[in-house]
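Shown next, in structure tokens, is the structure this report addresses.
The values are calculated or read from the model by the stated rules, or taken from the named source; none is laboratory data. If you're wondering where the values come from, they're calculated on a predicted model, not measured in any experiment. Note that each Cβ is placed from the backbone with ideal geometry, even for glycine, and that neighbours are counted across all protein chains shown. Surface accessibility is based on the protein's heavy atoms, side chains included, excluding ligands, DNA and RNA. Shrake-Rupley method; radii C 1.70, N 1.55, O 1.52, S 1.80 Å.
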Amino acid sequence: MAEKKTTSTAKKATASKTAASKATASKTAAKKTTASKTTAKKTTAKKTTRKPAPRKAPAKRTTARKAAAENPVPGAVGGDGAPSPIEGQSLNLGHAEAINAPGDADFRFYTEVDAYTHEELGLDVETLLDMYRNMLMQRRFEERAAQMYGRQKISGFLHLYIGQEAVSTGSVWATRPDDPIITAYRDHGLGLARGMSANACMAELFGKVDGSSRGKGGSMHFFDVSKHFYGGHGIVGGQIPVGVGLAFACKYKETGGVSLTYFGDGAINQGSFHEAANLAALYELPALLICENNQYAMGTSVERSRGSVDLYKQGYPYDMAGVLINGMDVFTVYKAMKDITDEAREGKPFMVDMRTYRYRGHSMSDPQKYRTKEEMEAKKDEDPIVRLKAYMLEHKLAENDALDTIDDEVKQVVLGAVEFAENSPYPPVETMYEDVYVQDDYPFIS
Amino acid sequence: MAELQFREALRAAMTEEMERDENVFLMGEEVAEYNGAYKVSQGMLDQFGPKRIIDTPISENGFSGLGIGAAMMGLRPIIEFMTWNFAFVAFDQIVSNAAKMRYMSGGQLKVPIVFRGGNGAAGQLAATHSNSTEPFYANVPGLKIVAPSNPDDAKGLLKSAIRDDDPVLFMESELMFGMKGEVSDAVDYTIPIGEARIAREGDDLTIVAHSKSYWLAMEAAEELSKQGYEATVIDPRTIRPFPFDAVIDSVKKTNRLVIVDESQPFGGIASEVGFQIQQRAFDYLDAPVQRVTAKDVPAPYAKNLIEAWMPSVDDTIAAAKRALYVN
């Protein structure tokens, strides 16, 4: 009984907190800052925590931000030189307020940013530039896609990934090219990270025959099986059991692969998540269940949809290790994913709570009335692309001009993709009847 | 030829295919340690081991999706539902994923999976446990649906289903697992999916019926024969693709059609067959197409009510007489 009471009191407290945070955004920022600090402290104390890299002097970070401000990624969120509302090395992890890990829980925390150097991670400068190019590709592709949507060249739903690029790039660079990846409808970023061509992706958005799914999938259904990218799925949570099936096949066929199953924080409330998590744990599958926790399921914040907001704990009922990762820093994502993927290959599934943030609405039709301008402002300093650029400049790994050149190149590739999509024909109507069955003499009824 | 129960024929098909192809595995509730809820997989755990005969928790959505993912990477899963009545919680996986994966990937993926299990009503099990689920899935392009009526067809068709590169839904009548019949023991015995079986030939009318309803149709045909009316009975064996040509050919000879179908009447299999025939063989029809289905209410529990709810031999004879304009 006592325990129950505590729980309900805590819930009430959370509820009033939520109300308060709505009322005064600045207070929210302050509160969350404190929360981050607490997180960081507890992190260090945790036995299972990876040893964080030595703290850097705050002055250095200021320099990094300054560098970003002076050399902003054009069009990127952030880089405006505004003083950061945060202190300490952890970025704002949203609702991660308390880590009440049960004593025997295997929880890992990668909450820090600016905690790792590229040397520590074994990444050479060429690789950093590739990662930078890849993240920019995702962003420039989507900025252009949004523009094309406005011009009605693209129809249907268009869910932009902007802000979450560190998650896709960090994950892909940390895993094997043949590790199967599956995700939900916000799939452009992961597809491009996995090496899908901008041409095929843009043509798919345009509904053209040269699209990655021959114009039959659209934005929500990118696929490139040659790149081991298994979509692109439109039903919330429906891809999670399928992703566990990819892991099952890896184990059955002894490929040594690990499946990366991405889903949003909204999907964690679906039964499919819990059924899949149980099966992954029960069969000891090489599966990473990765929640891209951008903190809003369409317009509903995690606080408004969850009894427990610490999503990394959601594997705990299945004895699954939980990992909390700051998804706004590509180095942090890379480090964490590298660590756990090696273990996952041995048949140890992980529940990953990847804290990230989308700078755009849920879809193009979302006016975003559910969050304040202040909250958006507070997130600007976290931009993963600005952060990587600042790191490279600060460490003199690249000249500003060279990075600008990369941006120009990427923009050209995206413009080329738009031209490619424009010039690609619509699918011939008879192709509507193709790809339904493998058996090609299937007796259709017309 | 050997006399086998329906369940033994299914087991023979699965066993032979698992021996032939190491990518085939069986997964479902109670299929391994318990030897199958209806003993279809009896002894298979001993033969193939736990890697390939896999017990699951009660989570149809989860293990159906797992099978689909495994199939996308080249395995050939057989997913057993204890009954199709419980597969409603896996509906999203079957309909949104298995059926549409190939189309939405522009032909990049194939999903060679078999979902199988008991279907329809089995006595007084009331509304939740008595659904004939064919029409729900038959509405979805991308799926193949097979519903055999005897052990021999069960074996030959299941082997074809396992080898098929498209998702196949294999529906077994719950009341037929113990039914015995001659089953071919020819090496590599398969029956192609999509071909009807003409079980009986007569010039006066055509009766189409699949799965358990087939036996009602045969009994009705025998009774009609005694009364001087000879029926052709066609077992389509496959619901999707439906072998319409066999029915059209028969209707061209008999000019009258009755469809017996245990699913619900509204938007059901009988309704689709009726529509197709009036459209494609209208000039050959001498009477309106008749259908015999479950009654259009949830399945009741009471003995007299469930008997009245199910299609019966008497219902079939009455429908045939309406088609023949005799009373």
Margin query: Checking A:T405 against (1) closer than 30 Å to A:Y116 by Cα; (2) of a type in the set (V, I, T); (3) open to solvent by less than 60 Å² (accessible area, probe 1.4 Å): exactly one of these is not met. Which one?
Written below: (3)
Item checked: Within the stretch B:36-52, considering residues that are over 27 Å from A:P180 (Cβ atoms) and charged (D, E, K, R), the one farthest from the other protein chains (Cβ to nearest Cβ) -> B:K39
Notebook entry, point to check: Does the stretch B:85-93 contain any residue that is open to solvent by 10 Å² or more (accessible area, probe 1.4 Å) and touching a Leu at 6+ places or on another chain (Cβ under 6 Å)?
Noted result: no
Margin query: B:E201 - would you say it is open to solvent by 30 Å² or more (accessible area, probe 1.4 Å), within 14 Å of chain A (Cβ to nearest Cβ), free of Cβ contacts under 8 Å to residues at least 60 places away in the same chain and charged (D, E, K, R)?
Written below: no
Margin query: Consider the stretch A:222-237. How many of its residues are at the interface with chain B (Cβ under 7 Å from one of its Cβ atoms) and crowded, with 24+ Cβ neighbours inside 10 Å?
Written below: 3
Margin query: When you check A:R304 against the structure, is it open to solvent by 10 Å² or more (accessible area, probe 1.4 Å) and among the basic types (K, R), yes or no?
Written below: yes
Check: So which strands (runs of 3 or more DSSP E) stay within the stretch B:53-169 end to end and still have 2 or more residues that are within 18 Å of the chain's Cα centre (by Cα) and away from every other protein chain (no Cβ under 11 Å)?
Finding: B:76-83, B:114-119, B:144-146
Note to self: If I ask for residues that are under 17 Å from the mean Cα position of the chain (by Cα) and in contact (Cβ under 8 Å) with a residue 60 or more places away in the chain, which ones from the stretch A:254-286 would you list?
What the structure shows: A:S259, A:L260, A:T261, A:Y262, A:F263, A:G264, A:A267
Checklist line | Matching residues, the stretch A:383-409, being closer than 19 Å to A:V167 by Cβ and of a type in the set (D, E, K, R) | finding: A:D383, A:R387, A:K389
Notebook entry, point to check: Taking the condition touching a His at 6+ places or on another chain (Cβ under 9 Å) and without any contact (Cβ under 8 Å) to a residue 60 or more places away in the chain, does B:S59 pass?
Noted result: yes
Notebook entry, point to check: Identify, please: which residue in the stretch A:372-398 is of a type outside the set (D, E), modelled with pLDDT of 90 or more and assigned to a loop (DSSP other than H, G, I, E, B) and is, among those, surrounded by the most Cβ atoms within 10 Å (Cβ to Cβ)?
Noted result: A:A398
Next item on the list: Take the stretch B:55-71 and flag every residue that is among the β-branched types (V, I, T) and open to solvent by less than 10 Å² (accessible area, probe 1.4 Å).
Entry: B:I68
Notebook entry, point to check: In the stretch B:228-242, what residues are more than 16 Å from the chain's Cα centre (by Cα), buried (at least 24 other Cβ atoms within 10 Å of the Cβ) and either of a type outside the set (A, V, I, L, M) or within 14 Å of chain A (Cβ to nearest Cβ) (or both)?
Noted result: B:T232
Note to self: Conditions first: (1) facing chain B (nearest Cβ under 7 Å); (2) open to solvent by 20 Å² or more (accessible area, probe 1.4 Å). A:S272 passes all but one, so which condition is the exception?
What the structure shows: (2)
Next item on the list: For the stretch B:291-313, enumerate the residues that are open to solvent by 50 Å² or more (accessible area, probe 1.4 Å) and closer than 17 Å to B:H210 by Cα.
Entry: B:R291
Next item on the list: Return yes when A:A184 is more than 25 Å from A:G256 (Cβ to Cβ) and within 14 Å of the chain's Cα centre (by Cα) and no when it is not.
Entry: yes
Next item on the list: Considering only the stretch A:285-296, state which residues are in contact with an Asp or Glu (Cβ under 9 Å, 6 or more places away or on another chain) and either among the aromatic types (F, W, Y) or within 12 Å of chain B (Cβ to nearest Cβ) (or both).
Entry: A:Y296
Margin query: Take B:G74 and tell me if it is within 30 Å of A:K208 (Cα to Cα) and open to solvent by 10 Å² or more (accessible area, probe 1.4 Å).
Written below: yes
Next item on the list: Go through (1) open to solvent by 10 Å² or more (accessible area, probe 1.4 Å); (2) hydroxyl-bearing (S, T, Y); (3) in a loop (DSSP other than H, G, I, E, B); (4) away from every other protein chain (no Cβ under 14 Å) and name the single condition A:Y161 misses.
Entry: (1)
Next item on the list: Could you tell me which numbered condition B:G36 fails, if it satisfies all but one of (1) more than 21 Å from A:S259 (Cα to Cα); (2) of a type in the set (G, A, S); (3) surrounded by fewer than 17 Cβ atoms within 10 Å (Cβ to Cβ)?
Entry: (3)
Margin query: Just the residues that are open to solvent by less than 30 Å² (accessible area, probe 1.4 Å) and either within 17 Å of the chain's Cα centre (by Cα) or among the β-branched types (V, I, T) (or both), please, taken from the stretch B:243-264.
Written below: B:P243, B:F244, B:V247, B:I248, B:V251, B:T254, B:V258, B:I259, B:V260, B:D261, B:E262, B:S263
Note to self: more than 14 Å from chain B (Cβ to nearest Cβ), more than 22 Å from B:S59 (Cβ to Cβ) and not small (G, A, S): which single residue out of A:K335, A:K253 fits that description?
What the structure shows: A:K335
Check: Out of all the residues in the stretch A:242-255, is one or more surrounded by fewer than 21 Cβ atoms within 10 Å (Cβ to Cβ), polar (S, T, N, Q) and either in contact with a strand residue (DSSP E or B) (Cβ under 7 Å, 6 or more places away or on another chain) or within 28 Å of B:R52 (Cα to Cα) (or both)?
Finding: yes
Item checked: Among (1) within 12 Å of another protein chain (Cβ to nearest Cβ); (2) of a type in the set (A, V, I, L, M); (3) open to solvent by 20 Å² or more (accessible area, probe 1.4 Å), the one test that A:V309 misses -> (1)
Item checked: Conditions (1) away from chain B (no Cβ under 12 Å); (2) open to solvent by less than 10 Å² (accessible area, probe 1.4 Å); (3) more than 19 Å from A:A344 (Cα to Cα); number of the one not met by A:S168 -> (3)
Next item on the list: Please give the number of the condition B:I53 fails out of (1) out of contact with any strand residue (DSSP E or B) (no Cβ under 7 Å at 6 or more places or on another chain); (2) closer than 23 Å to B:S173 by Cα.
Entry: (1)
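This table checks each residue for (1) in contact with a Pro (Cβ under 8 Å, 6 or more places away or on another chain); (2) under 26 Å from A:A145 (Cα atoms); (3) exposed (fewer than 15 other Cβ atoms within 10 Å of the Cβ).
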| site | (1), (2), (3) |
| --- | --- |
| A:F350 | no, no, no |
| A:S363 | no, yes, no |
| A:P367 | no, yes, yes |
| A:Y370 | no, yes, no |
| A:N400 | no, no, yes |
| A:M432 | no, yes, yes |
Notebook entry, point to check: Looking at the stretch A:432-445, is at least one residue away from every other protein chain (no Cβ under 14 Å), over 28 Å from the mean Cα position of the chain (by Cα) and under 29 Å from B:P243 (Cα atoms)?
Noted result: no
